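Since the structure comes first, as structure tokens, the remarks are kept for the end.
Only the coordinates and a few stated rules stand behind these numbers; no lab work does. Given the structure is predicted, the values throughout are model-derived calculations rather than measurements. Glycine also receives a Cβ, built like all others from the backbone with ideal geometry; neighbour counts cover every protein chain displayed.
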Amino acid sequence: MSAPVYEPYLRKPKTFYEQYERKSGDPTVTHYCPGCGHGELHKMIAEAIEDLEIADRTVFISPVGCSVFAYYYFDTGNVQAAHGRAPAVGTGVQRARPHSIVISYQGDGDLAAIGLNEILQAANRGEHMAVFFVNNAIYGMTGGQMAPTTLPGMHTTTSPGGRDPRKAGNPLRLCELISQLDAPVYVARGALSGPKHILRTRKLVRKALQAQVERRGFTFVEVLSACPTGWGMNPPDAHKWILEKMAEFFPLEVFVDKTDSEPEPFEIPEEPPAEKLHELLRISTAGQVTFSPSQPVEPKYANPRIKVAGFGGQGVLLLGLGLAQCGMMEGRKVSWLPSYGPEMRGGTAHCHVNVSDHEIGSPLISRPTVVVAMNQPSLEKFEPQLVEGGLLIVNTSMVPKEPSRSDLDVLKIPASDMAKELGNPRAANMIILGAYAAYTGMIGKETALASLNTLIKRKHLVDLNRKAIELGWEFGTKARG
Ligand SMILES: Cc1ncc(C[n+]2csc(CCOP(=O)(O)OP(=O)(O)O)c2C)c(N)n1
Ligand code: SF4
């Protein structure tokens, strides 16, 4: 007699990675605490994605909180969003790629505190996304502080005497709030405790995702979930507490279900052909020629990581763009990342520019090899960040102070004064571009001049900027010796 073959009951859904990349430890287990609801809900979502066959078009958005770790587990598209911002990121994803299935997976600190406005606005707009809201009544990741969903009288690290509704208000009931809006098509609350409720919650999860497949609109499933660590309970007690205490305040109901109504007609828009990309992004290729690097580059100047800094109005960002533009024209990989001060005018501005013969891992630069300081505060802020022996270019017209380090390669240039003499102080940035190009050999003169066709939108200013580059080039050549 042959042995019976049993279908494995507890199977790992295919939506999960085979191994979980983590900082340390066993890569086959999750790092969630024993009894934590995140793991249970992850599994329900993963199974539904597998059964609905949507893994290849699902984008899972995990913001801050214990939910952030979702990208370690889900073999789908993943985006990590800033605290509370998953619905905004999801909106962008859905609108750019309407064929995608967007999941916004958020904790109660994330969704009901810092992200409350985001979720209400997204729900009110009826964005096409499934929101899974893990309500464990506290901030789990940071050690159990009071959340907007903390029960009256509940002890947390920030309400050691118990939540007092007279001071902290009553807990927010998100399902009830969201179901007041017209747009949401499905709003329901489940609990992760005991087989009956776990099976019911599994159904709610599926329904919310099925509605996305049918492109019906905004779906919201709140899940009462245990955080034994934050609650200071063992897992069985925590699970009991969900039904005995939490469910009393947060009723387990389906609040809205319009998933039977006619879905809005939808056709997946065609992808634009790659040749059209320039047009779509409004990138001008007019007058662009590819130049080969004209001078040998000393290893210390090759693959620069550049920070250009100054105050608003000095053309700091344009100088950064110019460096990237020239690098691109000479066939290199480039990135440009601007950073603005909060003021519209007169504030500080800086940008990060990578020009490299290799793929660029990140546009963000923390240890630059080149710093351009257009004013005094920029010197003070960015000189310390330079790598040992890095190149510091100082606009001495605006920087009276001497650099403080002695290990640096310093190019001092009175760029603003030179630009004034040329007829326009705003041309200081292009003088520096010319000087940098000649001093380091990283950019050919012909390339720098030709980049102006793309960089300078007001054509009557091209001539002035051309002169500025020439002037800078002369200065840089002399300084190089
Ligand atoms: C802008 C910002 N503010 C605060 C924090 C600190 N912080 C990290 S996680 C968290 C709360 C997360 O709680 P919740 O959303 O309930 O998720 P849980 O960890 O309980 O699953 C906070 C306040 C942060 N990372 N970023
Ligand atoms: S701290 Fe709480 S929410 Fe975070 S993993 Fe542990 S049990 Fe889960």
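Per-structure values
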item: Beta bridges per DSSP with both ends in the chain, % antiparallel, nearest 5; result: 35 percent
item: Label-point separation, residue 164 to residue 424 (7 Å along Cα→Cβ), nm; result: 6.5 nm
item: Given charges at Cβ of Lys, Arg, Asp, Glu: region 281-480 dipole, positive-most of 462, 419, 406; result: 462
item: Tilt relative to the chain, helix 462-480 - C-alpha long axis, 0 to 90 degrees, to 10; result: 80 degrees
item: Beta bridges by DSSP in region 281-480, antiparallel share as percent, to the nearest 5; result: 55 percent
item: Normalised contact order of region 281-480, rounded percent, pairs of Cα under 8 Å and 6 or more residues apart; result: 22 percent
item: Distance from region 454-481 to region 169-194 (C-alpha centre basis), Å; result: 61 Å
item: C-alpha long axis of helix 37-52 to longest principal axis of the chain, angle in °; result: 90 degrees
item: Sum of -39500 (n - 2.57) over DSSP H runs of 4+, divided by residues of the chain (222 nm, nearest 500); result: -9500 deg cm²/dmol
item: Residues with amide H under 5 Å from that of residue 138, placed H, sequence gap 5 or more; result: none
item: Tilt relative to the chain, helix 316-329 - C-alpha long axis, 0 to 90 degrees, to 10; result: 90 degrees
item: The chain, dipole about Cα centre (Lys/Arg Cβ +1, Asp/Glu Cβ -1), debye to the nearest 20; result: 940 debye
item: Amide H partners (placed H, <5 Å) of residue 390, local residues excluded; result: 409
item: Set of lysines near residue 196 by C-alpha distance (under 23 Å), chain-local residues within fewer than 8 positions excluded; result: 12, 43, 207, 240, 245
item: Cβ-Cβ FRET estimate between residue 177 and residue 401, R0 fixed at 60 Å, reported to 0.05; result: 0.60
item: Partners for residue 276 among lysines (Cα-Cα distance below 29 Å; same-chain residues under 8 apart left out); result: 333, 457, 459
item: Efficiency of FRET from Cβ geometry, residue 268 and residue 357, R₀ 45 Å, rounded to 0.05; result: 0.70
item: Estimated FRET transfer efficiency (residue 297, residue 26; beta-carbon r; R0 35 Å; 0.05); result: 0.15
